[in-house]
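K.L.:
The structure under discussion is supplied below as structure tokens; questions concerning it will follow.
The values are calculated or read from the model by the stated rules, or taken from the named source; none is laboratory data. This one's a predicted model, so the numbers in the text were calculated from it and none came from an experiment. Quick reminder, even Gly has a Cβ in these numbers, built from the backbone with ideal geometry, and neighbours come from all protein chains shown. Heads up: the accessible areas ignore ligands, DNA and RNA and are worked out on the full protein's heavy atoms, side chains in. Shrake-Rupley method; radii C 1.70, N 1.55, O 1.52, S 1.80 Å.
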Amino acid sequence: MKAITWVSTKVVLLDQTLLPTQEVYLDITDYEELALAIENMLIRGAPAIGAAAAYGVALGANQIAATSKEAFLEKLKVVSDRLAGTRPTAVNLFWALERMDMVARLGDSVDEIKKALVVEACRIDADGEAANRRMGNYGADLIKDGYTVLTHCNAGALATEGYGTALGVIRAAVEQGKNVRVYADETRPLLQGARLTAWELVKDGIDVTLITDNMAGHFLKSGAIDCVVVGADRIAANGDVANKIGTYGVAVLAKENNVPFYVAAPISTVDMSLASGEQIPIEERKPEEVTHIKGVQIAPDGVKVANPAFDVTPNKYVTAIITENGIASNPYVENLDRVVKNR
Ligand code: MRU
């Protein structure tokens, strides 16, 4: 299951807005089209957005006619800035653009740089999937045979370069022969849990039960859930975690009911430049995502709407952060730094 791939000279992308009823793959050759695909969430999920942005730079580079390196880099900056403006919260986007920028600066000729950018984007993609598998193996140690795991949003193959972060942990536990059940929050407003997590897990034959967001507290209190595993869009140096709106509520309810709350994310999601989660920019999306479901109006015309796409869970609610380099727990200021630097 791949959300995005590079094939010869183009990007092939699974349109996630049409799931679970239609599985449509789009061929993209224009970076502006790719930027729109990120904005409109045809591709979404922090690591997948990072890979998509890298491929967007590779596409944009191939669209530039300039022959001198200086003129080429100037035009490439326009491409990079456009992609950087698509979504503000997932730091993987900016991390990937920075990596692509470094590669562009290193090359000598324009032709050489164009080739190197394709190679680098494919490397970001492949390295990301490999990291998720390593992360899965670390995380699977926390999942015991017979566990029921609650997850929120979609942190699976669709949200990443493959395999998944939170769902990667679950997949690795299942691959180890453990009997694991999943409860998936539907995740309003855009229903990533219902449309995407449930789709991935049903496809893989993993036991999944779909619940609406307001049922999570009930199941955490009743003892039905052994642990929570979610992904992340940006993690501050102190271990505060930005993830899909609703994650914070789940974390507080998990702590109240003594259920461990785990976050699975690659180190490219950790933003060591931010001391705390208060500095993480939270994307506000359009009101129609709240007033409508799949084009059907569910609220009166003229009602005021708030639609923050993410919230920040303070580190005190996070039992551990699972990365491809190992697992960090409190005090995060020291332990996350050690894991990120692989010390
Ligand atoms: O708005 P989205 O669908 O891009 O948000 C995605 C999430 O919040 C995921 O939980 C997060 O990116 C982790 S994905 C591995």
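K.L.:
Counting only residues that are over 16 Å from the mean Cα position of the chain (by Cα), give me the strands (runs of 3 or more DSSP E) lying completely in the range 183-252 with at least 3 of them.
P.N.:
The qualifying strands (runs of 3 or more DSSP E) are 207-211.
K.L.:
Now for a different question. Looking at Asp240, Asp233 in this structure, which one is within 15 Å of the ligand (Cβ to nearest atom) and either of a type in the set (S, T, N, Q) or touching a Leu at 6+ places or on another chain (Cβ under 9 Å) (or both)?
P.N.:
Asp240
K.L.:
Looking for whichever is buried (at least 22 other Cβ atoms within 10 Å of the Cβ), more than 13 Å from the ligand (Cβ to nearest atom) and among the acidic types (Asp, Glu) here; the options are Asp125, Asp145. Which one fits?
P.N.:
Among Asp125, Asp145, only Asp125 is buried (at least 22 other Cβ atoms within 10 Å of the Cβ), more than 13 Å from the ligand (Cβ to nearest atom) and among the acidic types (Asp, Glu).
K.L.:
Then there's this: Take the range 106-150 and flag every residue that is touching a helix residue (DSSP H, G or I) at 6+ places or on another chain (Cβ under 7 Å), part of a helix (DSSP H, G or I) and within 30 Å of Leu73 (Cα to Cα).
P.N.:
Val110, Ile113, Lys114, Ala116, Leu117, Val118, Glu120, Ala121, Ile124, Asp125, Gly128
K.L.:
Give me a count of the residues in the range 2-46 that are at positive phi and within 14 Å of the ligand (Cβ to nearest atom).
P.N.:
So in the range 2-46, the residues at positive phi come out as 8, 41, 45.
Cutting the leftovers down to within 14 Å of the ligand (Cβ to nearest atom) gives us 41, 45.
So the answer is 2.
K.L.:
Identify all residues within the range 9-29 that are of a type outside the set (A, V, I, L, M), assigned to a strand (DSSP E or B) and either touching a residue at least 24 places away in the same chain (Cβ under 8 Å) or buried (at least 16 other Cβ atoms within 10 Å of the Cβ) (or both); write none if there are none.
P.N.:
Passing the criteria: only Lys10.
Here's the yes/no breakdown for (1) surrounded by 14 or more Cβ atoms within 10 Å (Cβ to Cβ); (2) under 19 Å from the mean Cα position of the chain (by Cα); (3) under 22 Å from Gly164 (Cα atoms):
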| site | (1), (2), (3) |
| --- | --- |
| Ala265 | yes, yes, yes |
| Thr269 | yes, yes, yes |
| Glu278 | no, no, no |
| Thr291 | yes, no, no |
| Val312 | yes, yes, yes |
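Residues checked against (1) more than 23 Å from Asp271 (Cα to Cα); (2) open to solvent by less than 20 Å² (accessible area, probe 1.4 Å); (3) among the small types (Gly, Ala, Ser):
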{"residue": "Ala35", "(1), (2), (3)": "no, yes, yes"}
{"residue": "Ile38", "(1), (2), (3)": "no, yes, no"}
{"residue": "Leu42", "(1), (2), (3)": "yes, no, no"}
{"residue": "Ala65", "(1), (2), (3)": "yes, no, yes"}
